[in-house]
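Trainee: Okay, here's the structure, questions in a sec.
The values are calculated or read from the model by the stated rules, or taken from the named source; none is laboratory data. The model shown is predicted, which means the values in this text are computed figures rather than measured ones. Cβ placement follows ideal geometry from the backbone for every residue including glycine, while neighbour counts extend to all protein chains displayed. Ligands, DNA and RNA are excluded from the accessible area calculation, which covers all protein heavy atoms including side chains. Shrake-Rupley method; radii C 1.70, N 1.55, O 1.52, S 1.80 Å.
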Amino acid sequence: ILHTGDWKCDPNPLIGNTINSKKLKEIALKDCIVCSTGGGIVLDESNHEILKQSFCVYLYASIDSLCQRLEYDDSRPLLSNGNKREALQNIFDDRQSKYETLSTIKIDTNNSSIKDNCETITKHING
């Protein structure tokens, strides 16, 4: 498992689009690999072909849900200046169509547990 972008889950992530893209190219097309990227991975078009060839899961959450989850989180640089809701909406508007286009499946995480989401992914992989 390679985790490249979320410092909330990993205290030492590989931060930076160049590093993320390089690591994605190195490992994403290998068999039996789980690669958890930061949401910004879709901003670099050189990553699109790799993501299209992979089993890519879009873990969707509404802006309301994200605001609730991140209410007391001040560790995310893109959300640290000003209104979090507005910043989240701008990020969502910029990335959402890319997430939709590049993902194999979309899972609505608003009202589901991690266990439920894992079961959905597993069912989809196993057919």
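Trainee: Taking only pairs six or more apart or across chains, which ones have beta-carbon atoms under 6 Å, a first residue in the range 18-32 that is within 17 Å of residue 52 (Cβ to Cβ), and a second residue that is surrounded by 11 or more Cβ atoms within 10 Å (Cβ to Cβ) and modelled with pLDDT under 75?
Mentor: These pairs meet every condition: 20/4; 27/2.
Trainee: Return the residue satisfying two criteria in turn: it lies in the range 24-41 and is assigned to a helix (DSSP H, G or I) and within 19 Å of residue 61 (Cβ to Cβ), and of such residues it is most open to solvent (accessible area, probe 1.4 Å).
Mentor: The qualifying residue most open to solvent (accessible area, probe 1.4 Å) is 39.
Trainee: Going through the range 74-87 one residue at a time, which ones are assigned to a helix (DSSP H, G or I) and either surrounded by 12 or more Cβ atoms within 10 Å (Cβ to Cβ) or in contact (Cβ under 8 Å) with a residue 40 or more places away in the chain (or both)?
Mentor: 78, 79, 84, 85, 87
Trainee: Can you confirm whether residue 71 is assigned to a loop (DSSP other than H, G, I, E, B), open to solvent by 90 Å² or more (accessible area, probe 1.4 Å) and not basic (Lys, Arg)?
Mentor: Considered against the rule, which asks whether it is assigned to a loop (DSSP other than H, G, I, E, B), open to solvent by 90 Å² or more (accessible area, probe 1.4 Å) and not basic (Lys, Arg), residue 71 comes out as yes.
Trainee: Where the second residue is hydroxyl-bearing (Ser, Thr, Tyr) and part of a helix (DSSP H, G or I) and the first is surrounded by 16 or more Cβ atoms within 10 Å (Cβ to Cβ) and lies in the range 42-63, which pairs have Cβ atoms under 6 Å and are six or more apart or on separate chains?
Mentor: Here the result reads 47/21; 58/99, each pair linking the range 42-63 to a residue that is hydroxyl-bearing (Ser, Thr, Tyr) and part of a helix (DSSP H, G or I).
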